[in-house]
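Here the structure comes first, spelled out in structure tokens, and everything after it is commentary.
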Amino acid sequence: MNQLLQTSDRFKIRYCEGVMNASDPQSLQFGEMLSWEIVDSLCKSTGSEALLVLEFFDTDFSIINPGASAVSAVGAVLNGNTQSIEVSGTAKTIAGFRVYIPATKTVVYEDRFSWSKTWRQSSTNPIEALNKLVKPNQALMETSYNTGYEFGRSIIPLYYWENRSMYKGKKDLIAKGQRQALAKDWEAAILTWKEASYDNEFKPKTKARAAFNLALGYEVLGDLVQAQKWIQTSYVEDGKEEALTYSNILDKRIREQERLKEQTGK
């Protein structure tokens, strides 16, 4: 989790010195909250605005039904059949996190976070399958790492790639707009597609393509409302399925943006 959080400019991570053990080290439940005096002291000593506490953590690794696999294999051999036996091993982790904000005396996060992964191996010999299966320590290390990584992903913004399509032409103004877009001059491309390709064109097919590209241009510039307007125009003009699919993508992005505003107050 520390590695992932440090990839974001929003966070600077500082460790508290020492460890404060829970009153019941076997418990997988949230115990009593830290006093605000302790939270204030820890945050002041590290120059931090928030305190994230790992309240509990547990790992488990289990082999799924190895006995039944062995019995089945032995029975198959006795009957003269060769049977492939699959052995599965599952590692699970569970963690409880709290986040304290001393300035407002609030706990902004308190929840469990879990992660699991299953490995599988097959062989006609169940012992061989077990031997080839991932080792418990390796499995627990991997799932523990993934628990921290996935929890970190839930609290920081991450960049990811989106694929989009764009209509191109041969000699018309849609082609010119495409070249402007590929040169990353999206403002000029929008003007070309709108003022020339769209406003002065009477063929529904060409109008729809220009509107589709306009939706892309506005999305790239971050104006999802205008993007949604133009993709709806594209669908109405020509009824292409790809326009409707793009419209649904933009709808989802607009909903996500509204949710983000609620979460961040921006």
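The values are calculated or read from the model by the stated rules, or taken from the named source; none is laboratory data. Nothing here was measured: the structure is a model prediction, and the numbers come from that model. Glycine gets a Cβ as well: all are built from the backbone with ideal geometry, and neighbour counts include every protein chain shown. Surface accessibility is based on the protein's heavy atoms, side chains included, excluding ligands, DNA and RNA. Shrake-Rupley method; radii C 1.70, N 1.55, O 1.52, S 1.80 Å.
Consider residue 264 carefully, then state whether it is among the hydroxyl-bearing types (Ser, Thr, Tyr), modelled with pLDDT under 90 and under 23 Å from the mean Cα position of the chain (by Cα). Yes, satisfied. Kindly evaluate residue 72 against the criterion of being over 25 Å from the mean Cα position of the chain (by Cα), modelled with pLDDT under 90 and crowded, with 17+ Cβ neighbours inside 10 Å. So residue 72 fails the test. The residues of the stretch 99-123 that are part of a strand (DSSP E or B), open to solvent by less than 60 Å² (accessible area, probe 1.4 Å) and in contact (Cβ under 8 Å) with a residue 60 or more places away in the chain, listed by number, are 100, 107. If residue 220 meets every condition in (1) closer than 26 Å to residue 158 by Cβ; (2) open to solvent by 60 Å² or more (accessible area, probe 1.4 Å); (3) out of contact with any helix residue (DSSP H, G or I) (no Cβ under 9 Å at 6 or more places or on another chain) apart from one, which number is that one? Residue 220 satisfies every listed condition except (3).
Within the stretch 132-159, restricting attention to residues that are closer than 14 Å to residue 62 by Cα and polar (S, T, N, Q), the residue that is surrounded by the fewest Cβ atoms within 10 Å (Cβ to Cβ) is 137. Note on the stretch 1-19: residues that are outside any loop (DSSP other than H, G, I, E, B) and open to solvent by 100 Å² or more (accessible area, probe 1.4 Å) amount to 1. The number of residues in the stretch 223-237 being open to solvent by 80 Å² or more (accessible area, probe 1.4 Å), free of Cβ contacts under 8 Å to residues at least 24 places away in the same chain and either polar (S, T, N, Q) or within 14 Å of residue 252 (Cα to Cα) (or both) comes to 1.
Within the stretch 42-62, restricting attention to residues that are more than 23 Å from residue 147 (Cβ to Cβ) and open to solvent by 70 Å² or more (accessible area, probe 1.4 Å), the residue that is nearest to the chain's Cα centre (by Cα) is 49.
Yes/no per residue for (1) among the small types (Gly, Ala, Ser); (2) touching a Phe, Trp or Tyr at 6+ places or on another chain (Cβ under 6 Å):
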{"residue": "92", "(1), (2)": "no, no"}
{"residue": "109", "(1), (2)": "no, no"}
{"residue": "122", "(1), (2)": "yes, no"}
{"residue": "143", "(1), (2)": "no, yes"}
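Listed conditions (1) outside any loop (DSSP other than H, G, I, E, B); (2) touching a strand residue (DSSP E or B) at 6+ places or on another chain (Cβ under 9 Å) are all met by residue 210, apart from (2).
Restricting the first member to the stretch 197-212 and to residues that are within 21 Å of residue 228 (Cβ to Cβ), and the second to residues that are part of a loop (DSSP other than H, G, I, E, B) and modelled with pLDDT under 70, the beta-carbon pairs closer than 7 Å and six or more apart or on different chains are 207/201; 210/201. Among the residues making up the stretch 170-191, those that are over 21 Å from residue 226 (Cβ atoms) and either in contact with a Gly (Cβ under 7 Å, 6 or more places away or on another chain) or in contact (Cβ under 8 Å) with a residue 12 or more places away in the chain (or both) are 172, 175.
Does residue 258 fit the bill of being under 30 Å from residue 109 (Cβ atoms), of a type in the set (D, E, K, R) and outside any helix (DSSP H, G or I)? It is false that residue 258 is under 30 Å from residue 109 (Cβ atoms), of a type in the set (D, E, K, R) and outside any helix (DSSP H, G or I). When the test is whether a residue is open to solvent by less than 40 Å² (accessible area, probe 1.4 Å) and either under 30 Å from residue 207 (Cα atoms) or modelled with pLDDT under 90 (or both), residue 127 does not pass it.
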